[in-house]
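Asks: Here it is: the structure, laid out below.
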Amino acid sequence: MRHLLVLPFLLLATPVAAQSTTAAELLAKYTAEAGTEASAERGQALFLASHSGGKSDTPSCTTCHGTDPRAMGQARTGKPIAPLAPAVNPERFTDLKFVEKWFGRNCTSVLGRACTAAEKADLVAWLSSL
């Protein structure tokens, strides 16, 4: 009976494993959630556009990531950002929790709101096409 009391503590102590994924799986997930096909062209336009809804010092994705997602970017703090394009950075789009964390932060910072599933699909489609 005592082992049943220990089980909850062991579960709490076990680290949560990364949710492994691929860019293609993410694209399929976001496309299904959006209920519409992804568009690399819309993804590129969203990435390159200046937006007014978010923070004034991050009006565009290019503020930190630069205009070429195959190149390194730089956060406003000076910290380097690895390229977004999976062709250059194979680690990109391989951990669902990480992807969702950064979509959450970056969409809020740039757009002033969460990205829609369609916007995520469009961005992943464009970045995967590079």
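The values are calculated or read from the model by the stated rules, or taken from the named source; none is laboratory data. Predicted model only: the values in this text are computed from it and were never measured. Cβ atoms come from the backbone with ideal geometry, glycine included; neighbour counts cover every protein chain shown. The protein model used for the area step is the full one, side chains on, heavy atoms only, and it has no ligands, DNA or RNA in it. Shrake-Rupley method; radii C 1.70, N 1.55, O 1.52, S 1.80 Å.
Asks: So what is the relative contact order of the chain, in percent, for Cα pairs below 8 Å that sit 6 or more residues apart?
Replies: RCO, the chain: 38 percent.
Asks: Identify unpaired cysteines across the chain, taking unpaired to mean no other cysteine Cβ lies under 4.7 Å from the residue's Cβ.
Replies: Cys61, Cys64
Asks: Could you do me a favour and compute the accessible area per residue for the chain, 1.4 Å probe, result in Å²?
Replies: Heavy-atom SASA per residue in the chain reads 62 Å².
Asks: Taking a ≥ b ≥ c as the square roots of the Cα gyration tensor eigenvalues, with a/c under 1.5 meaning rounded and otherwise prolate when a/b beats b/c, else oblate, which class fits region 35-81?
Replies: Oblate.
Asks: (1) 34, 21, 12; (2) 31, 18, 15; (3) 56, 14, 8: which one is semi-axes √(5λ) of the Cα gyration tensor in Å as calculated from this entry?
Replies: Entry (2).
Asks: Here's something else I'd like to know. May I ask you to rank Trp126, Trp102 by accessible area, largest first, using a 1.4 Å probe over the protein chains only?
Replies: Trp102, Trp126
Asks: How much of the accessible area of the chain, probe 1.4 Å, is carbon plus sulfur, in whole percent?
Replies: The C+S portion of the solvent-accessible surface of the chain is 61 percent.
Asks: Once you place label points 7 Å from the Cα toward the Cβ at Ala75 and Ala49, how far apart are they in nm?
Replies: 2.7
Asks: Can I ask one more? Cα-based count: Lys pairs in region 20-127 below 20 Å, eight or more positions apart or different chains?
Replies: 9
Asks: Taking 7 Å along the Cα-to-C-beta vector as the label spot, tell me the Ser129-Ala87 distance in nanometres, rounded to one decimal.
Replies: Distance between the two pseudo-spin positions: 1.2 nm.
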